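Computed from the coordinates by the stated procedures, all read-outs in this text should not be read as laboratory data. In this text, all values refer to a predicted model and were calculated from it rather than measured experimentally. Quick reminder, even Gly has a Cβ in these numbers, built from the backbone with ideal geometry, and neighbours come from all protein chains shown.
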Amino acid sequence: MLAVLRLGPTAYGATIVEELERRTGRSTSPGAVYVALRRLERKGMVSSRLGEPSPTRGGRPKRFFTVDPNGTEALRRARSAWDAMAEGLDALLESDG
Amino acid sequence: MKTPPRLATRLLTLALPRSRRADVMGDLGEMYESVQSRRGKTAASIWYWRQALAVPVWLWWEEGGTMLMLGMQEIRIAARSLLRRPGFVAVTVVTLAVAMGANTAIYSVVHGVLLAALPFPEADRLVTITHTTRDASWGEMPGATGLHELYAKANHSFAGLALFGSRAANLMAENRPERISVGLATPSLFRVLEQQPLLGRTFTEQEGWPGGADVVILAHALWTDLFGRDPDVVGESVRIDGRTRKIVGVMGPGFEIPNWHVDAWTPLQIDPHEAHFGGFNYQAIGRLRPGVTGEEARQDLQGLVPRIPDRLAFFTQVRLEEMGLRINVKPFLDTLVGPLRTTLWLLMATVGIVLLIACMNIANLVLARAEGRAREVAVRTALGASRPQLVLRFMAESALLAVAGGGLGILAAFAGLHGLLSLGARALPRADTIAINGPVLTFTGVMVLLVTLAFGAIPLARLRGGTAPSVLRGGMSAAVGTRNARGARHVLVASQVALALVLLTGSALMVRSLRALQHVDPGFVPANVLTFRVSLPTSDYPTAAEAADFHQRFLDRLNGMAGVEVAGAVTRMPLTGASGFNPLSVEGRAYAAGAIPPMVESRAVTPGFFRALDIPLLEGRMLERSDADQRSGAVLVSQAVGSLVFPGEDPLGHLVAHSTPNPHDGWSRIVGVVGDVHTASLTEESPGILYFAIHPGEGVQKAWLARSMSYAVRTSVPPMSLVPAIKETLRSMDPAVPLAEARLLDDITRSAQAQMRLMLALIGTAGSLGLLLAIVGLYGVISYLTAQRTREIGVRVALGAKGRAVRGMVIREGMLVTVAGLGGGLVAAWFLTRFMAGLIFEVNTRDPVTLVSVAVGLGAVSLLATWIPAARASRIDPVEALRSD
């Protein structure tokens with residue numbers, strides 16, 4: 001979801017995978033990403049729409065993803081939960097890293 | 001744009017879900033380019049292939065999960081919907097349970113007897129060898145000791161050949177005699193069947209020659225009962241028929257030749273130099289070499305037939321040609337169950353038809369519901385329900401019904417199978433493999449699946465017709481009244497009637513056969529006759545005279561017992577099977593060099609036998625004890641011998657001999673003619689029978705007679721009540737001799753009819769079920785269709801139609817359908833009943849009287865089923881009718 005958020009209007013399958021790989025430094029399975037996006041979509045946190053046929057991709061359209069208000073809300077809550085739990089632990093987290 | 005591997009792309013095109021195909025393939029294409037520019041073409045191709053294999057799996061997994069959840073939801077909805085209509089559910093489930101239960105039960109019999117593999121390694125290579133001749137009355141003869149060695153040594157097709165047979169014998173166990181069944185087998189049998197003993201060893205080749213050691217191999221059950229599974233039993237001895245035999249081995253619990261239950265095995269000793277050709281008494285079994293077919297083996301052995309005269313005196317070249325001896329090689333399974341094949345598949349077809357009729361009934365019901373729900377479907381479609389969703393909805397309902405019906409059906413099948421077994425299925429060959437097991441349950445599962453698909457498909461097919469807007473607008477009757485719906489219904493009901501006709505015709509044929517069978521005169525009067533068997537061991541009664549003497553003394557004591565009217569003995573009771581087939585020679589009558597004399601059966605008897613069974617003496621006199629002192633023995637012949645051998649003449653006074661006339665064997669004089677009896681079964685002709693006295697003349701060599709005799713005792717009191725006294729008498733004469741198989745002659749006669757009764761019960765039940773279902777179906781459909789025409793009828797009445805006209809209209813519709821069904825059914829019965837030919841007796845499968853009566857009967861019942869809704873229709877109040885919709 002973070003990747004989708006960051007990419008904004010250019011968020012579609014290929015770019016999302018690329019972004020994840022770049023940010024995390026690990027190779028990412030496109031299949032897993034598709035499934036994750038599908039589940040998010042069913043939970044109402046993300047929505048997708050099929051774009052126009054793209055000439056650069058042999059006429060195949062791109063499916064664009066955007067984060068829904070539900071999703072943003074969930075991200076916010078997760079963020080504050082992380083902050084709350086991680087408070088004061090910076091030293092520990094840093095030293096282990 | 002650099003293109004990814006084409007094959008992988010094709011795979012993706014096929015494997016991806018349609019909704020994601022385009023965008024996912026586009027994404028993967030982009031990523032491929034990116035990987036290629038970073039890591040090179042090879043790495044990119046590998047990456048792409050991995051994705052081609054993995055991504056569809058991911059997506060379908062996700063999809064499946066969703067579908068599963070949706071499915072569960074649909075099932076819940078379907079269940080709720082069904083529960084609101086308990087009547088429909090009850091009728092459907094019960095109907096399905098009965099039909100599927102019957103099918104499962106019969107299939108378990110079919111599977112166990114016909115389809116399950118025999119319990120031997122590579123059992124499909126086991127074959128039996130039989131012999132037939134040009135003269136069909138010889139029948140199919142099993143193996144002969146005289147031919148075994150020739151076949152075994154000179155064949156190219158078999159990995160092994162063996163002979164086996166069985167006989168009853170006395171076993172001395174703890175000084176108490178017990179009757180057991182002893183198998184005789186050439187030592188090769190165990191190799192042919194590829195069976196190893198549990199303990200010890202099997203027979204050596206030497207033990208198969210005359211003079212070989214007296215050894216025995218125990219079957220597992222006998223070892224358990226007698227020796228308590230003592231592991232050191234090898235080397236111990238037992239006394240069988242007065243001979244002490246050493247136990248050399250014990251077989252495992254799984255060793256059982258289907259239909260040949262034996263308690264112990266002794267070696268069949270064949271003297272290769274002295275062989276009796278006439279002794280076709282043992283089952284010949286062989287294991288084909290790998291790659292050899294039955295036909296090749298048959299030709300191989302057939303090629304050996306010309307060598308028979310070199311070895312056996314009786315069959316000269318000329319005789320062989322005249323006989324046209326032919327070898328037959330069949331799979332062992334065929335020999336065991338072959339004759340039953342037609343019957344069992346016929347039964348399967350019968351219950352299959354019942355299931356078909358039941359399904360048609362339910363189909364009509366489902367159609368009615370589907371039409372009632374046309375509106376619901378239209379609304380849902382208009383609101384965006386996809387095809388798969390609708391399919392799922394209807395399938396869920398039919399699946400629930402089918403599973404419930406199938407589940408109950410399996411329970412019913414257990415009960416039904418139990419009933420079948422006690423009704424006589426237990427007597428079937430391989431009955432011990434009959435069970436409701438994996439393969440049978442798989443069959444039930446397939447039935448459930450087919451039923452689900454069939455019923456689920458009906459509403460879909462039906463509703464594809466009407467478009468949503470028209471259905472929403474037009475109200476129920478508009479959708480229902482379409483020609484297609486009525487037509488489909490009519491066809492269904494007509495088919496039901498046709499099928500019911502076929503079943504009922506089958507039942508009627510069975511009824512007539514049984515009636516005919518019951519009228520067959522067995523040749524004797526079975527009432528109040530007790531029978532049992534007494535067998536004397538060779539060691540204690542080594543000569544025929546001593547054995548005959550014992551039997552005579554025992555009979556004298558029996559005849560003196562209170563409650564006994566008359567007692568007699570014979571080597572084999574009527575209706576227990578044919579025995580002693582041998583050619584009959586007549587003195588003074590030379591048969592042409594190649595001709596085969598007529599074959600007759602033979603028995604040894606005491607005079608009391610005929611009186612005990614009330615078999616009439618037609619000519620001449622009975623055998624008497626004084627006959628024993630004559631040079632020539634005296635014989636009686638059955639009436640059939642007269643017509644077979646002495647057509648147009650009086651048989652009395654002729655001299656005859658059984659099997660090859662030989663200067664050492666004497667001739668016997670025919671002194672009397674007695675009535676015919678049926679020996680093998682009630683349906684086969686009475687054979688010619690020679691009756692010898694148990695005390696044959698001095699000049700007559702009959703060493704095989706009289707050791708084991710069946711007794712017949714006509715009593716003035718209930719026969720079984722005398723058994724204890726008789727046993728005591730026997731014991732007082734010789735405690736080592738057991739009395740076996742005590743039963744009423746009435747029971748023997750009844751069991752001769754048993755198989756036909758069983759078939760009648762089964763087919764009759766199927767017929768009744770079919771009739772019931774078809775009539776209910778007809779009634780239901782006519783009622784329903786008439787109810788749908790309420791409005792129309794109302795209008796007609798309002799316009800002046802009389803009640804009679806309305807009734808006529810409804811009846812006409814119903815009877816048209818019925819007549820169409822009857823017509824189709826008659827045609828079907830005409831062609832199909834020939835499969836019953838093996839079951840029936842003295843009725844023609846195409847007997848016109850039967851066909852017509854059944855058709856008329858069914859038509860009459862159908863008329864009744866139509867009359868009731870018609871009468872209701874004629875009483876419709878036009879005002880009410882026009883008001884309803």
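Using DSSP to define loop residues, name the GluC sites (Glu not before Pro) in segment B:34-136 whose beta-carbon has at most 16 other beta-carbon atoms within 10 Å.
Passing both the DSSP loop test and the Cβ count: B:GLU122.
Looking at segment B:809-885, the trypsin sites (Lys or Arg not before Pro) that sit in a DSSP loop and have at most 13 other Cβ atoms within 10 Å of their own Cβ are B:ARG875.
When you filter the trypsin sites (Lys or Arg not before Pro) in segment B:141-215 for DSSP loop state and at most 15 other Cβ atoms inside 10 Å of their Cβ, you are left with B:ARG201. Helix B:483-518 and the longest principal axis of the C-alpha atoms of chain B enclose an angle of approximately 10°.
Taking a ≥ b ≥ c as the square roots of the eigenvalues of the Cα gyration tensor, an a/c ratio of 1.5 or more together with a/b larger than b/c marks segment B:67-179 as prolate.
Between B:VAL491 and B:GLU295, the FRET efficiency from the beta-carbon distance, with R0 = 51 Å, is close to 0.65.
What is the Cα centroid distance between segment B:320-367 and segment B:744-770, reported in whole angstrom? Cα centroid to Cα centroid, the span is 18 Å.
Report, in deg cm²/dmol and to the nearest 500, the calculated mean residue ellipticity at 222 nm for chain B, where each DSSP H run with n ≥ 4 adds -39500 (n - 2.57) and the sum is divided by the residue count.
So the calculated ellipticity at 222 nm is -18000 deg cm²/dmol.
When chain A is treated as a GNM, springs tying every alpha-carbon pair under 10 Å, which of A:ALA86, A:ALA74, A:ALA14 comes out with the largest mean-square fluctuation? For chain A, modelled as a Gaussian network with Cα springs under 10 Å, the answer is A:ALA86. Between helix B:387-423 and chain B, what is the angle of the helix's C-alpha long axis to the longest principal axis, kept within 0 to 90° and rounded to the nearest 10? Roughly 20 degrees, rounded to the nearest 10.
Rounded, prolate or oblate: which fits segment B:1-132 when a ≥ b ≥ c are the square roots of the eigenvalues of the alpha-carbon gyration tensor, with rounded for a/c under 1.5 and prolate only if a/b beats b/c?
On the way: a/c = 5.36, a/b = 1.57, b/c = 3.41.
It is oblate, given that a/c is not under 1.5 and a/b is not larger than b/c.
Computed FRET efficiency, Cβ-Cβ of B:ASP549 and B:GLU178, R0 35 Å: what is it to the nearest 0.05? Using R0 = 35 Å, I get an efficiency of 0.90.
Rounded to the nearest 5, the antiparallel percentage of DSSP beta bridges internal to chain B is 80%. Please check which bits of segment B:534-566 a label hung off B:SER721 would reach, taking the label as a point 7 Å along Cα-to-C-beta and the cut-off as backbone N under 19 Å. Within reach of a label on B:SER721, which here means backbone N under 19 Å from a point 7 Å along Cα→Cβ, segment B:534-566 contributes B:558-566.
Seen against the Cα atoms of chain B and their longest principal axis, helix B:41-83 is set at about 90 degrees.
For the peptide A:53-66, the mean number of other protein chain Cβ atoms found within 10 angstrom of a residue's Cβ is 4.
FRET efficiency for the B:ARG743 to B:ARG834 pair, using the beta carbon distance and R₀ = 45 Å, is estimated at 0.75. Need one word for segment B:179-246: rounded, prolate or oblate. Basis is the Cα gyration tensor (sqrt eigenvalues a ≥ b ≥ c); a/c below 1.5 gives rounded, then a/b vs b/c decides. The shape class here is oblate.
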